[in-house]
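The structure appears below as structure tokens.
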Amino acid sequence: MIDILALTADLAAVLPADTFDLPDPDPALPEGVAGPVSTLFSWLRGIGLVACVIGIIVAIIMIAVGHRRGQGPQDALGSLMVPIACAIGLGGAVGLIMSVAGY
């Protein structure tokens, strides 16, 4: 193993410096695909956020109905945290995808 590392170091010292310059292209979708993919991401983001808002509204209604029945909010608070966590995850995923894809 040490011989291979020494051989690699010797080879790198002998070869010109531009031998190991690899191209670094910017990530891009093929032509004709960028528009539909961007539209798909926009639709998925919108549908996901609407679903999270509906989940939060349903959880708040569950808390109100439980309060009316004399139950504590502890049962419905868990169902309130799920859509909030999903909204946070969705926002993070969209931000990550947009930064990687270069939108």
note = With a Förster distance of 35 angstrom and the Cβ-Cβ distance between Leu77 and Leu40, calculated FRET efficiency to the nearest 0.05 equals 0.55
query = What ranking do Leu29, Leu22, Leu5 get, fewest neighbouring Cβ atoms within 10 angstrom at the top?
reply = Leu22, Leu5, Leu29
key: Three-way shape label, region 2-101, alpha-carbon gyration tensor, a/c 1.5   = oblate
query = If you project the alpha carbons of region 55-96 onto their three principal axes, what span does each projection cover, largest first, in Å?
reply = 43, 15, 6
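Bear in mind that the values in this text are calculations on the coordinates, not laboratory data. Being a predicted model, the structure only gives us computed values, none of them experimental. Counting neighbours? That spans all protein chains shown, and the Cβs are built from the backbone with ideal geometry, glycine included.
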